[in-house]
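Presented below is the structure to which this report refers.
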Amino acid sequence: MSNYNNNFKNNVYTILELDYGKTIKEASKIELYNAVSKAARKTIKQDWSLDEKGKKVCYLSAEFLIGRLVYNNLLNLGLFNQFSELASENGLDIRIFEDIEDAALGNGGLGRLAACFLDSAATVNVTLNGYGIRYRYGLFEQYFENGFQMETADDWQKAGDPWSVRKEEERVRIDFKNQSVYAVPYDTPVIGYGATKINTLRLWQSEPLETFNFKLFNDQKYDKAVKEKNDAEAITNVLYPNDDTDAGKKLRLKQQYFFSSASLQDIVKRYKKTYGTDFSHFSSQYAIQLNDTHPVVSIPELIRIFIEEEGMSFAKALRIARETFAYTNHTVMSEALEKWNVNLFKAVIPNVYKYVVMIQRQLVKELTALGIDKKEMIQYNIIDNNLIHMARLAIYASHSTNGVAKIHTEILKNDALHEWYEIYPERFNNKTNGITQRRWLALANMELSGFITDMIGNSWITNLDKLKELLKYQDDKEVLKQFDSIKIIKKKQLADYIKEKDGIDINPEFIFDIQVKRLHEYKRQLLNAFSILDIYFGLKEGRIKEFNKTAFIFGAKAAPGYFRAKGIIKFINEIAKMIDNDDEVNDKLKVVFISNYNVSYAEKIMPAADVSEQISTAGTEASGTGNMKFMLNGAVTLGTFDGANVEIVEQAGEENNYIFGARVEDIEKIKETYNPKKIYESNDRIKRVVDTLIDGTFDDEGTGMFKELYTSLIEGASWHKADHYYLLEDLIPYIDAKLRVNKDYSNTYEFRRKCFINMANAGTFSSDRTIREYAEDIWKVN
Ligand SMILES: *Cc1c(COP(=O)(O)O)cnc(C)c1O
């Protein structure tokens, strides 16, 4: 630990005085935030850099969903107690920074995984630096108007960005066909727990080549300069919502090349500081992990740099690239596997296209040597039908392709990427995702953390497998009673927070049944909505007699251009309204759609859940990490046999969770003959809930949203066949499982025991474990 710790509090006072001329009493919240951040930063060594000795891992990701840094950094620096003292000495609430905006530079799980990896790598002593984009605006902020999603820009730097340092002198130039810009790095220290290691998150910002003194210009020159500045800044202006498939394709490709090229230039420059132009050590000095296909253009870019700037041969450049790069696949859904139109690609980065063509030619040679004929070859072609297949490029020109949960990797090997697995089986491997227990338990649930530490000590903070030691208390009534009382505290806190943020009252005595995640058809929030409607009708009719009061809580953002997802949000809000207005049921049923779900909201939600909803169609959710956050905080999973749910029940026991519905192999079987219309027509309960979309029960204010949802389920619409995600197939088994959870909740002791066993078995889902596996198997470090 650093020697400066003792000065932290004094430093806060000094900085307030020097920077703002204020005392702590006079300072605004934002001033205090900046002073606390700066004082905390002063406690780490100031010359942290990207040039550590030994092998360095570069984690390239278009998204880093970091959330709020200040509390996490105080925790990892061991300054949280001093901060608490500072607050209490001055009559301040430690939650004072909760209205500082999250750094939401990502959409969901993929970006949050990158953020958890940063925390874990720094903690387990792996040199890993994150490279990405410093978006001016992060993921939009969401609010509801009449139950419809509305969006506003996320100005995440409103209170400043006191954790990052601009490194002007390390900027690099990026050349597109008709545009050149600077990529300017902003470095944020990534502080491992105990501050034993400082890694870097380097985010690139796009800026014009020349900064003009606008006043000196005549009108014409002025207009030109303004346009150049705007065009340059446009590249890193916004984060793309990842379901917005058509939005600004060209700009999106520019973003990808921008941060890939900047990162690669940076890496090569650093390498040359030590080794000059001898590149024989490159792949033993650097491992580059590509988080999904967004940074895959890095591969031809590195080859371009090697050939054009270092005079290397193509064969050698490709060999080094292959030794250096590794690729993580995050999805099996074909519409999400990235492909670039050749014309578009050539219009943006013709210089790079050349090298894609060379890689394609080499692929053909290699496949021919393997005895693969012309017809078979089509499925491998990187350039095919005027499209560039980024996943194929990544698999071919890297040494490792990993899935993110066991079942996902098996699907890649046996189905989605089977042809590649056949020729390169040694390249495929699994790395089940994880989450950092520092943020998702130590920080988000201090009550539970304290309780655990009292029982088994605090070594779980850096070794989550230790939670297993709790299992010896699983039948201890006193322990489970305390565990239950902590859950009640967290539910009360969440209820208060929801009241404050969303103005909605929730009774904390209700079961908290929660589904929070991006809104997408495959995640099946609509299935959840239908199940609630069936329960509602069941209660009204007296079909359901015994029922424990339940609050169904949703949180999700829909991509702004994703009409159907927005329809689902409106539908759930309509259900919430109907139930609220129905005095026959509103004392036992409640539906809440919280607004603007983000990392900071998640930190309140995860500890308060009794039931974690993980109900994606089997075979669609690669892993999920929300499921792990819930488990770690002691919730049972109500879910399908999909993604990491499979491993959750493997760890905690199927008897302690609620698994339902069609499995991957079942869906394979019914696929060809699936007839949702028949199911709908032959089951009155299913018909009744689906018909609420069209029978006037709810009003979508003439948008046609509900009718469109109905059509997509019963008739099929746009590019998908009817009920593409098998909602009607799974609906009745889902409701049955949901009612089983509800019934089991009657026995508080037994129910909390299940929750407790889940928590105690969550150790393997630490991202520390995931990072160690990457380090050992893929990066070959430590
Ligand atoms: C963990 C997390 C996710 C991922 O949730 P899944 O349920 O795995 O899709 C998305 N958004 C936020 C804000 C998160 O914290």
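Rule-based calculations on the coordinates, nothing more; no lab input. Given the structure is predicted, the values throughout are model-derived calculations rather than measurements. Counting neighbours? That spans all protein chains shown, and the Cβs are built from the backbone with ideal geometry, glycine included.
Structure values in brief
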item	result
Relative contact order [Cα under 8 Å, 6+ residues apart], the chain, whole percent	13 percent
Packing rank of 153-163, 222-232, where each peptide gets the mean count of other beta carbons within 10 Å, highest leading	153-163, 222-232
Exceeding the 28 Å Cα-Cα cut-off - candidates Lys501/Lys566; Lys254/Lys523; Lys365/Lys413	Lys254/Lys523
Pairs of alpha carbons in the stretch 297-419 whose separation is greater than 18 Å (percent)	55 percent
Kirkwood Rh, Cα atoms: Rg over Rh of the stretch 1-139	1.00
Across Lys545/Lys754; Lys158/Lys224; Lys45/Lys468; Lys45/Lys269, pairs whose alpha-carbon gap is larger than 31 Å	Lys45/Lys468
Principal axis dimensions, the stretch 52-133 - Cα atoms, whole angstrom, descending	46, 31, 17
Trypsin sites (Lys or Arg not before Pro) within the stretch 25-97: DSSP coil, no more than 10 neighbouring Cβ in 10 Å	Lys25, Lys53
Rg in Å to one decimal, and Dmax rounded to a whole Å, for the stretch 283-357 via C-alpha atoms	13.4, 40
Convex hull volume per residue in cubic angstrom - Cα atoms of the stretch 396-440	85 Å³
Neighbour-limited loop hits for trypsin sites (Lys or Arg not before Pro), the stretch 538-613 (at most 13 other Cβ within 10 Å; DSSP other than H, G, I, E, B)	Arg543, Lys545
Burial order of peptide ranges 131-138, 341-348, 60-67, 418-425 (average beta-carbon count within 10 Å, highest first)	60-67, 131-138, 341-348, 418-425
Within the chain, percent of DSSP bridges classed antiparallel, to nearest 5	40 percent
Normalised per residue, the volume of the convex hull around the Cα set of the stretch 502-569 (Å³)	106 Å³
When the stretch 357-500 is reduced to its Cα atoms, the Kirkwood hydrodynamic radius in Å	19.8 Å
DSSP bridge pairs, the stretch 291-429: antiparallel proportion in percent, nearest 5	50 percent
Share of pairwise Cα separations in the chain, more than 44 Å, in percent	27 percent
Intensity falloff of the stretch 200-356 expressed as log10 I(q)/I(0), Debye formula with alpha-carbon point scatterers, at q = 0.14, 0.17, 0.20 Å⁻¹	-0.84, -1.11, -1.34
